[in-house]
Amino acid sequence: MFILKKDIDKKTVAQFDPVLFEGRIITVLSPSEAERAVAFLERQERVGIDTETRPSFAKGHVNKVALLQVSTLDTCFLFRLNMTGLTQPLVHFLQSEKPLKIGLSLKDDISRLKQKGDFTPAGFLELQQYVSQMGVEAMSLQKIYALLFGQKISKSQRLSNWEADVLTDAQKAYAATDAWACLRIYEKLESLRQSGDYEIEDTEIYECEEE
């Protein structure tokens with residue numbers, strides 16, 4: 001019987017061992033590479049999806065999305081949108097019912113992607129809604145992953161430069177992990193849901209404000 005807690009505090013998450021995606025990471029730098037990547041992804045049943053945007057430290061200025069990550073359980077494609085734009089194969093992918101595209105805070109990701117090119121999104125599953133239906137109250141990717149797997153997703157690269165000429169290995173691993181983690185969470189929860197072999201444990205969480 002799997003005990004599924006509703007929430008977890010940040011201090012507990014911080015004590016967990018870090019997790020990183022260990023599969024293939026393929027950086028997509030041209031429209032032709034994007035076309036081949038999409039052809040591979042369209043053969044999958046479900047994928048994890050996420051985006052990264054270069055942080056802006058100027059008040060009122062928001063940069064356009066720079067990276068789209070789409071991952072299976074063993075392969076993650078990093079589409080460098082600041083170099084390729086939103087290519088037609090990608091538009092078709094984002095508008096297709098299949099594969100199922102699983103992400104967290106998808107409203108924000110889709111809004112950013114639409115700044116690169118108009119499309120009608122289809123085949124997306126919002127993890128925040130999905131976990132809520134199963135009784136989980138945690139809403140962040142880091143907390144949800146920690147509840148299910150007892151590991152910590154690092155956020156150390158979140159504010160790095162996603163428009164750099166060459167992404168570092170640390171950036172690639174971070175970006176791939178976020179998309180892959182979305183898929184892992186869905187796979188785990190769907191397995192529990194279908195088996196019914198879990199119980200929800202009510203936990204009171206008191207987050208102390210950081211000084």
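When Val38, Val62 are screened for being part of a helix (DSSP H, G or I), out of contact with any Cys (no Cβ under 8 Å at 6 or more places or on another chain) and of a type outside the set (Ser, Thr, Tyr), only Val38 passes. Among the numbered conditions (1) at pLDDT 95 or above; (2) surrounded by 15 or more Cβ atoms within 10 Å (Cβ to Cβ); (3) not in a helix (DSSP H, G or I), the only one that Ala122 does not meet is (2). Does Gln44 fit the bill of being under 21 Å from Asp178 (Cα atoms) and assigned to a loop (DSSP other than H, G, I, E, B)? The answer is yes for Gln44. For segment 82-98, what are the residues that are part of a helix (DSSP H, G or I) and in contact with a helix residue (DSSP H, G or I) (Cβ under 8 Å, 6 or more places away or on another chain)? Within segment 82-98, Thr84, Pro89, Leu90, His92, Phe93, Leu94 qualify. Only a single item in (1) of a type in the set (D, E, K, R); (2) in contact (Cβ under 8 Å) with a residue 40 or more places away in the chain; (3) in a helix (DSSP H, G or I) is not met by Lys101, and it is number (3). Cβ-Cβ distances below 8 Å connect the following pairs, each with a first residue in segment 18-32 that is over 23 Å from Leu141 (Cβ atoms), a second residue that is of a type in the set (A, V, I, L, M, F, W, C) and not in a strand (DSSP E or B), and a separation of six or more residues or different chains: Leu29/Met83; Ser30/Met83. Within segment 126-167, the residues that satisfy the criterion of being of a type in the set (A, V, I, L, M), under 18 Å from Thr51 (Cα atoms) and either free of Cβ contacts under 8 Å to residues at least 40 places away in the same chain or outside any helix (DSSP H, G or I) (or both) are Met139, Ile153, Leu159, Ala164, Val166, Leu167. With respect to (1) under 18 Å from the mean Cα position of the chain (by Cα); (2) assigned to a loop (DSSP other than H, G, I, E, B); (3) surrounded by 19 or more Cβ atoms within 10 Å (Cβ to Cβ), the lone exception for Ile8 is condition (1). Within segment 55-62, the presence of a residue that is aliphatic (A, V, I, L, M), surrounded by 15 or more Cβ atoms within 10 Å (Cβ to Cβ) and over 17 Å from Asp165 (Cα atoms) is excluded. I want to confirm something. Restricting to segment 28-41 and keeping residues that are more than 18 Å from the chain's Cα centre (by Cα) and either within 22 Å of Tyr186 (Cα to Cα) or not aliphatic (A, V, I, L, M) (or both), which single residue is surrounded by the most Cβ atoms within 10 Å (Cβ to Cβ)? Here the answer is Glu33.
Applying the set (1) in contact (Cβ under 8 Å) with a residue 12 or more places away in the chain; (2) touching a strand residue (DSSP E or B) at 6+ places or on another chain (Cβ under 9 Å); (3) part of a helix (DSSP H, G or I); (4) closer than 23 Å to Gly123 by Cβ to Val13 leaves exactly one unmet item: (4). Looking across segment 104-119 at every residue that is part of a loop (DSSP other than H, G, I, E, B) and within 17 Å of the chain's Cα centre (by Cα), the one that is farthest from Phe77 (Cα to Cα) is identified as Ser105.
When Ser71 is tested against (1) closer than 24 Å to Ser191 by Cα; (2) buried (at least 18 other Cβ atoms within 10 Å of the Cβ); (3) without any contact (Cβ under 8 Å) to a residue 60 or more places away in the chain, just one condition goes unmet, and that condition is (3).
The values are calculated or read from the model by the stated rules, or taken from the named source; none is laboratory data. Because the structure is a prediction, the values reported are computed rather than measured. Cβ atoms come from the backbone with ideal geometry, glycine included; neighbour counts cover every protein chain shown.
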